[in-house]
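Undergrad: Before we start, here is the structure in question, set down as structure tokens.
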Amino acid sequence: MTTQSVSSDIPDALASADVRPKPTRHHQIVIVGGGAGGATAAAHLCRKLRDPDVAVIEPSETHDYQPLWTLVGGGVVNKEKTRCHEIDVLPKKASWIRQAVTSFEPDENAVTLADGSRVGYDYLIVAVGIKLNWEQVKGLSVEQLGHDGVCSNYGYDTCEGTWRTLREFQGGTAVFTMPPPPIKCAGAPQKIMYLADDHFRKRGVRDRSRVIYAAGTPGIFSVKEFAATLNKVIERKGIETMFKQRLVEIVPNERRAIFQSTEGEELTEIKYDMIHITPPQGPPDVVRNSPLANEAGWVKVDKATLQSPDYPNVFSLGDASSLPTSKTGAAVRKEAPVLVHNLMATMNGRPSSDFKTYDGYASCPLVTGYGKLVLAEFDYDLKPKPSFPFDTTKERWSMYQLKRYGLPMLYWRGMCKGRL
Ligand SMILES: Cc1cc2nc3c(=O)[nH]c(=O)nc-3n(C[C@H](O)[C@H](O)[C@H](O)COP(=O)(O)OP(=O)(O)OC[C@H]3O[C@@H](n4cnc5c(N)ncnc54)[C@H](O)[C@@H]3O)c2cc1C
């Protein structure tokens, strides 16, 4: 049985060797990334395996529950409530290697770490999340977020700045952007806009304001049943929409935002008083530059079994995977048990007919105001998959309470502990 440990015993002289050094340690199962996907997969494995030899490679000392950042930006929750120590999230029976992976070598069943050392494995799970490409918006610097009317909920260090920006807004033009997908939580760019609209009304500044939603998508939401509700919300709130638009530049000292049509070269400029930016996103370089990647740069896995078609001992889940579902923690909750079942079937030499399959379930709790939420749950075919026996396409107070109180508790105590 392994004990939880933090690794630092790495021979650094090997880092500069011309040939790759032999792995200095080996684990039966190596999980790269200790976020929602990695921690949940580790927990399921450690519950199921009698004598688990599982190592999680994760450089960060902290673990964030990102879905609550929406409510931090809306002034409902303190950001500290969204973070805990990684060591308290990972299962006690797993080893924790506190480093980043810098390359995958699946032909040698090994990964290389930031200090140049290598770890070998029998089975690999990749869960490194998605990369935020702030630099793709010209003129934008991350340090600026939370100042001069520019903000973003897409980061632990920046989400509080959104609340400050909303409170400082004295009327004028408020812009909320969404890049072309894929992004994590495709609903987050509009959730904060609905909270902002509510907040502006409460403060009496809404009647002297324009609220604009500028998105890279062709419509408000991909699932038509929920889009119908959201279009009514937009109408009720008097929000202006600009679809098929990508933010390409901001000029902060002049408060100008420049958008480009996703269908051509045409540029549109908006003078803003505040702007909430959802950054362009893509696969992490460590995945994109590896043999594990598909053409788009995501970890290539079968969309039903989560197994790599090229390396049968490799699996992936979460935002970094090629799974064509909505990149959410809710999707991870359903992916993890399927992945673990199929990995254990592979370990035991069972045929793929014994595999479980994932149907693309994802969920997006669409906050439409303080105390209102539409719980969108759907599958690969964009068909609603409600967990509750009532019409979930309606805005509900009860679903808002679920997001505010129920889901965080389920995440920390249920999902990350392998109980869900
Ligand atoms: C503002 C916002 C709102 C959201 N709202 C919701 C919501 O309401 N509902 C919902 O279900 N989801 C929501 N999400 C999305 C959800 O948080 C993600 O989809 C989920 O965290 C994905 O899990 P993951 O494990 O793939 O990635 P992450 O949880 O991001 O974890 C990736 C981990 O990999 C580690 N890592 C990265 N690179 C390396 C490397 N080279 N080596 C080792 N480790 C590495 C990182 O440090 C990180 O710990 C939201 C996200 C945001 C930003």
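The values are calculated or read from the model by the stated rules, or taken from the named source; none is laboratory data. Only a predicted model underlies this, so the values are computations on that prediction, with no experimental measurement involved. Positions of Cβ are generated from backbone atoms using ideal geometry, with glycine treated the same way; all protein chains shown enter the neighbour counts.
Undergrad: Do you know which residues across region 313-362 are over 18 Å from the mean Cα position of the chain (by Cα), part of a helix (DSSP H, G or I) and not aliphatic (A, V, I, L, M)?
TA: 337, 341, 342, 346, 352, 353, 354
Undergrad: Considering region 90-100 alone, what residues qualify as being surrounded by fewer than 24 Cβ atoms within 10 Å (Cβ to Cβ) and either at pLDDT below 95 or near the ligand (Cβ under 10 Å from one of its atoms) (or both)?
TA: Matches in region 90-100: 98, 99, 100.
Undergrad: Moving to a separate point now. Residue check: is residue 117 under 21 Å from residue 41 (Cβ atoms) and assigned by TED's automatic domain parsing to the domain that holds residue 329?
TA: Spelling it out, it is not the case that residue 117 is under 21 Å from residue 41 (Cβ atoms) and assigned by TED's automatic domain parsing to the domain that holds residue 329.
Undergrad: Would you please list the contacts, defined by Cβ atoms under 8 Å and residues six or more apart or on different chains, that run from a residue in region 103-125 that is among the basic types (Lys, Arg) to a residue that is modelled with pLDDT under 95 and crowded, with 18+ Cβ neighbours inside 10 Å?
TA: Short answer, once both residue conditions are applied: 118/23.
Undergrad: Condition first: over 23 Å from the mean Cα position of the chain (by Cα), in a strand (DSSP E or B) and either basic (Lys, Arg) or farther than 28 Å from residue 207 by Cα (or both). Now tell me which residues in region 222-248 satisfy that.
TA: None; the set is empty.
Undergrad: If only one of 165, 158 is touching a helix residue (DSSP H, G or I) at 6+ places or on another chain (Cβ under 8 Å), at pLDDT 95 or above and either not hydroxyl-bearing (Ser, Thr, Tyr) or not assigned by TED's automatic domain parsing to the domain that holds residue 71 (or both), which one is it?
TA: After ruling out the rest, the residue left standing is 158.
Undergrad: Something else now. Can you name the residue in region 144-175 that is assigned to a helix (DSSP H, G or I) and among the charged types (D, E, K, R) and, of all such residues, is farthest from the ligand (Cβ to nearest atom)?
TA: The extreme case among them is 168.
Undergrad: Please state which one of 177, 165 is under 24 Å from residue 82 (Cα atoms) and within 21 Å of the chain's Cα centre (by Cα).
TA: 177
Undergrad: Can you name the number of the only condition in (1) within 16 Å of the ligand (Cβ to nearest atom); (2) in contact with a helix residue (DSSP H, G or I) (Cβ under 9 Å, 6 or more places away or on another chain); (3) not in a helix (DSSP H, G or I) that residue 181 fails?
TA: (2)
Undergrad: Report whether or not residue 241 is touching a residue at least 40 places away in the same chain (Cβ under 8 Å) and polar (S, T, N, Q).
TA: Judged against the criteria, residue 241 is not a match.
Undergrad: Another question, if that's okay. Identify the single condition in (1) within 13 Å of the ligand (Cβ to nearest atom); (2) not assigned by TED's automatic domain parsing to the domain that holds residue 345 that residue 124 does not satisfy, given that it satisfies every other one.
TA: Result: residue 124 fails condition (2) only.
Undergrad: Just a yes or no: is a residue in region 374-384 within 23 Å of the chain's Cα centre (by Cα), in the same structural domain as residue 288 (by TED's automatic domain parsing) and in a loop (DSSP other than H, G, I, E, B)? Quick ask: steps written out before the conclusion?
TA: First pass over region 374-384, keeping only residues within 23 Å of the chain's Cα centre (by Cα): 374-384.
Those still in the list that are in the same structural domain as residue 288 (by TED's automatic domain parsing) too: none.
No; the residues of region 374-384 include none that is within 23 Å of the chain's Cα centre (by Cα), in the same structural domain as residue 288 (by TED's automatic domain parsing) and in a loop (DSSP other than H, G, I, E, B).
Undergrad: Here's something else I'd like to know. Does at least one position in region 115-129 carry a residue that is among the hydrophobic types (A, V, I, L, M, F, W, C) and either in contact with a His (Cβ under 6 Å, 6 or more places away or on another chain) or within 30 Å of residue 269 (Cβ to Cβ) (or both)?
TA: no
Undergrad: May I pose another question? Whether any residue in region 274-283 is within 13 Å of the ligand (Cβ to nearest atom) and under 30 Å from residue 349 (Cβ atoms) is what I want to check.
TA: no
Undergrad: Separate question: May I ask you to list the residues in region 191-220 that are of a type in the set (Lys, Arg) and either within 16 Å of the ligand (Cβ to nearest atom) or within 11 Å of residue 239 (Cβ to Cβ) (or both)?
TA: 191, 206, 210
Undergrad: Would you check if there is a residue in region 181-198 being in contact with an Asp or Glu (Cβ under 8 Å, 6 or more places away or on another chain) and hydrophobic (A, V, I, L, M, F, W, C)?
TA: no
Undergrad: Right, next: List the number of the failed condition for residue 71; all other conditions in (1) without any contact (Cβ under 8 Å) to a residue 12 or more places away in the chain; (2) not assigned by TED's automatic domain parsing to the domain that holds residue 203 hold.
TA: (1)
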